[in-house]
Structures are given as C-alpha cells and as structure tokens.
Amino acid sequence: MLRIARLPLGPIGTNAYILYKDHKALVIDPGGDFHRLHTFLEEKNLQVEAILLTHAHFDHIGALEELRNNYSAPVYLHLDETDWLGAPEKNGSEFFGMDPVVANDADFILEPGTQRIGDFQFEVRHVPGHSPGSVAFVFRNERFTIAGDTLFQGGIGRTDLPGGDHEQLIDALLEQLFSLRDDMKIYPGHGEPTTIGEERKSNPFLT
C-alpha cells in the first residue's frame, strides 16, 4: 500500500511529500529543514529512490543537495527549468532578501506521460503558468495528485515571478487538472489538501 506523508518545511512552510511503500520512498519538493526529512526517513527505515521536483523555486529545493548527497538519490525536473537550480535570479531566492539558494543540475528530465521509478508508477502532467516547468504528479490508482504551486484550496499559483503567466496557468489547470475526476485528491505545495470537485465548485479563479 502506498502511503503519503506531508511535511511543511523551510522558510515559508512549503509542503514536502514523502511517498513510500516496502521501505522505498519518493521525496517530492524537499523545501528545507533536512533534519526533519532525515528523521522521518530514518524512523521509517526508508531508502530514497528519487527526488521529484514540481518546479525549481527556492522554497521547494532548500534541502535538495543534502537529501541527494545523503541518500545518493537522483533528481528529476522538467526541461524548462533545468537551468534554474543553480541560478538564484531564476529560482527566486534573489528576490526575497535571503541567502541565495543554489543546487546542482537535475539528473533526469521529467517528460509528460507515464513515469516509472522502481515500483512507483505515476503520470507527469505539464502545468505551466506559475513557472514554465511546473508539473503535477498524478497517481491515478491511488486517486491523488501532487500539484506543486499550480492549484490550491481556493486559489491558484502566483504568476508575478519570472516566467509566470496567468492566462497560461488558467488554461493549463482547466486542461490538465480539471480533466481529472472530482474525487481526485489534490496535495498542493502550500496549505491543506483539497479535491478537484471542491475546486470545480468553489475556486474563485476557475469557476
């Protein structure tokens, strides 16, 4: 059985997700506080199979290098943001009065479609607009989606950062996420989970 844990990490409480079964794990968006991630992984006796990034903004990659180095885990990122990890002016850390966040390049490129990593299988959907390379990870059989900063409970991702495009995000959400069934649970990059059905009914940006 696939389990999921949500850990708000880093300077603005970005949701990191740990998906795990049979002592193997995927870590999605390690935003900071490596010690908390490490403690959880060790308590559950988990080996990290891969690190997946919904996108490359600073608050989603703060613990990336520590996690990669400690668990020898490969990093996956969409092609459109492969040069963001080492560039504070692109990953946003330059704009928030904080120390620059810099990470090494991703090991593999995420492409839309079915992705298999070890015993984990899911669908990658490209949902640009918050950032050019934003993706969502759809676990169709388990009926949940890790949506990054695309869709929130009652909101959508901000589009005023470099590479943001409001109209593009709206179009992508309607095409890529609102095509999912109403009972699909959405785990966002910030805040509490929601469902497609709830957002279809009440999200003021999309109704």
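Worth a mention:
- Positions within the range 168-201 being exposed (fewer than 14 other Cβ atoms within 10 Å of the Cβ) and in contact (Cβ under 8 Å) with a residue 24 or more places away in the chain, in sequence order: Leu174, Arg181, Asp183, Glu192
- Some residue of the range 76-85 being among the hydrophobic types (A, V, I, L, M, F, W, C), closer than 22 Å to Pro11 by Cα and at pLDDT below 95: no
- Some residue of the range 68-75 being crowded, with 17+ Cβ neighbours inside 10 Å, modelled with pLDDT of 95 or more, aromatic (Phe, Trp, Tyr) and assigned to a strand (DSSP E or B): no
- Where Lys44 falls short, out of the listed (1) surrounded by fewer than 24 Cβ atoms within 10 Å (Cβ to Cβ); (2) over 12 Å from the mean Cα position of the chain (by Cα); (3) under 16 Å from Tyr76 (Cα atoms): (3)
- For the residues Pro132, Pro162, the requirement of being surrounded by fewer than 22 Cβ atoms within 10 Å (Cβ to Cβ), touching a residue at least 60 places away in the same chain (Cβ under 8 Å) and closer than 20 Å to Phe58 by Cβ singles out Pro162.
- Total residues in the range 162-207 satisfying the condition of being of a type in the set (S, T, N, Q) and assigned to a loop (DSSP other than H, G, I, E, B): the figure is 3.
The values are calculated or read from the model by the stated rules, or taken from the named source; none is laboratory data. Given the structure is predicted, the values throughout are model-derived calculations rather than measurements. Don't worry about glycine lacking a Cβ; one is built from the backbone with ideal geometry, like all the others, and counts go over all protein chains shown.
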